[in-house]
Amino acid sequence: MNSYLLLKILFLAIVLFLIVIFLRKYIYNQSNIEEFTTNKNINNTSYQKHVVLLGDSVFKNNAFVNPSYAIEELLRKKTNDKVHCLAKDGALIKDVYNQIDYIPYECNNKESIIFLSIGGNNLLKNNIRLHKSDTANDIFKTYKELVKKLKTSFSKCKLVLLNLYIPPNINKIKKNDYFVENIKIWNNKVYNYVTSNNNTFNLLKIDTLLYKPDDFVSNYEPSIKGGYKIVNAVLRFINKNTK
């Protein structure tokens, strides 16, 4: 077998490999898009359920993807424009209080659902071990105070707390010495907090949704594919709680 034939076989093998990789990615992405497309519309002309998104770029990923595919825009397409996205990229726990001030008064009813995703930026900012620091315990204390504020101010709404995902490219983030360890501890704290409050709150676990490299852009922001996953999870929760 001459060298020309070997090179030709190698070239064809590489092309075939790239085609397989492309098809796998395309089919996987299409499955998320198809779920979003076929997911039933949760509203009709008389339905008054509102969806409020609070927190950070887990919901406000507009700056990292095509705006038409941002999470809030995808949700608007399925909720007759009844989504109020008050989340801000880079937000800390303390910043959510300002977001709460802008929740429309008409959202305070039993048909409305508030989704809260916050805490990740606090963990990034405080590069310390959660289980060995009083300061870190104070971070979760401020989180619980925020949740209580939400339940007091919007007592009629359903409240859904999101835990934190662990981006696979976390090693590219500066000052991340304890970040993965802290996320796991944080998620355990959130889970225990929800269960110990007699399910007064609901928990949406996104750590089991977003964990692959193409779920993210800029190392740890939800990509278009990651956004579809979050939107579908939110829609499933809403549909489940729609009478």
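Residues in region 85-99: is at least one of a type in the set (A, V, I, L, M) and modelled with pLDDT under 95?
So far as region 85-99 goes, no, none of its residues is of a type in the set (A, V, I, L, M) and modelled with pLDDT under 95.
State whether the residues of region 100-109 include one that is out of contact with any helix residue (DSSP H, G or I) (no Cβ under 9 Å at 6 or more places or on another chain) and of a type in the set (S, T, Y).
Looking through region 100-109, at least one residue is out of contact with any helix residue (DSSP H, G or I) (no Cβ under 9 Å at 6 or more places or on another chain) and of a type in the set (S, T, Y).
Any idea how many residues of region 185-222 are of a type in the set (S, T, Y), part of a loop (DSSP other than H, G, I, E, B) and within 21 Å of L123 (Cα to Cα)? I'd like the intermediate steps shown before the answer.
First, the residues of region 185-222 that are of a type in the set (S, T, Y): 191, 193, 195-196, 200, 208, 211, 218, 220.
Restricting the remaining residues to those that are part of a loop (DSSP other than H, G, I, E, B) gives 200, 208, 211, 218, 220.
With within 21 Å of L123 (Cα to Cα) added as a condition, the list becomes 208, 211, 218, 220.
Of the residues in that region, 4 qualify.
How many residues does region 52-73 hold that are among the aromatic types (F, W, Y) and over 18 Å from I114 (Cα atoms)? Steps first, please.
Residues of region 52-73 among the aromatic types (F, W, Y): 59, 64, 69.
So of that shortlist, the ones also over 18 Å from I114 (Cα atoms) come out as 64, 69.
Summing the residues that are among the aromatic types (F, W, Y) and over 18 Å from I114 (Cα atoms) in region 52-73 gives 2.
Only one of V58, V96, V65 is farther than 15 Å from N121 by Cβ and touching a residue at least 12 places away in the same chain (Cβ under 8 Å). Can you tell me which?
V65
Let me confirm something: among N219, N232, which residue is in contact with a helix residue (DSSP H, G or I) (Cβ under 6 Å, 6 or more places away or on another chain), touching a residue at least 60 places away in the same chain (Cβ under 8 Å) and of a type outside the set (D, E, K, R)? Steps first, please.
Values: N219 fails: touching a residue at least 60 places away in the same chain (Cβ under 8 Å).
N232 is the lone residue from the list that is in contact with a helix residue (DSSP H, G or I) (Cβ under 6 Å, 6 or more places away or on another chain), touching a residue at least 60 places away in the same chain (Cβ under 8 Å) and of a type outside the set (D, E, K, R).
Looking at region 182-206 only, could you name the residues that are of a type in the set (D, E, K, R) and either under 24 Å from F154 (Cα atoms) or at pLDDT 95 or above (or both)?
K189, K205
Any idea which of D138, D89 is among the acidic types (D, E), in a helix (DSSP H, G or I) and either over 16 Å from the mean Cα position of the chain (by Cα) or surrounded by fewer than 20 Cβ atoms within 10 Å (Cβ to Cβ) (or both)?
Residue meeting the stated conditions: D138.
Which one of K212, K225 is closer than 13 Å to P167 by Cβ and under 15 Å from the mean Cα position of the chain (by Cα)?
K212
Could you please find all residues in region 206-243 being closer than 17 Å to N61 by Cα and among the β-branched types (V, I, T)?
I206, V217, I224, I230, V231, V234
Can you tell me which residues in region 92-103 are among the aliphatic types (A, V, I, L, M) and assigned to a loop (DSSP other than H, G, I, E, B)?
If the condition is that a residue be among the aliphatic types (A, V, I, L, M) and assigned to a loop (DSSP other than H, G, I, E, B), then L92, I103 are the ones that fit.
Okay, residues lined up against (1) of a type in the set (D, E, K, R); (2) surrounded by 13 or more Cβ atoms within 10 Å (Cβ to Cβ):
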| residue | (1), (2) |
| --- | --- |
| Y143 | no, yes |
| N192 | no, no |
| T195 | no, no |
| L203 | no, yes |
| D207 | yes, yes |
| Y211 | no, yes |
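Residues that are modelled with pLDDT of 90 or more, part of a helix (DSSP H, G or I) and not acidic (D, E): does region 159-166 have at least one?
Scanning region 159-166 turns up no residue that is modelled with pLDDT of 90 or more, part of a helix (DSSP H, G or I) and not acidic (D, E).
Out of curiosity, is F179 at pLDDT below 95 and either closer than 25 Å to L124 by Cα or aliphatic (A, V, I, L, M) (or both)?
Criteria met by F179.
For P213, which of the numbered conditions (1) at pLDDT 95 or above; (2) out of contact with any Lys or Arg (no Cβ under 7 Å at 6 or more places or on another chain) fails to hold?
P213 satisfies every listed condition except (1).
The values are calculated or read from the model by the stated rules, or taken from the named source; none is laboratory data. The model shown is predicted, which means the values in this text are computed figures rather than measured ones. FYI the Cβ positions are ideal-geometry reconstructions off the backbone, even for glycines, and counts take in every protein chain you see.
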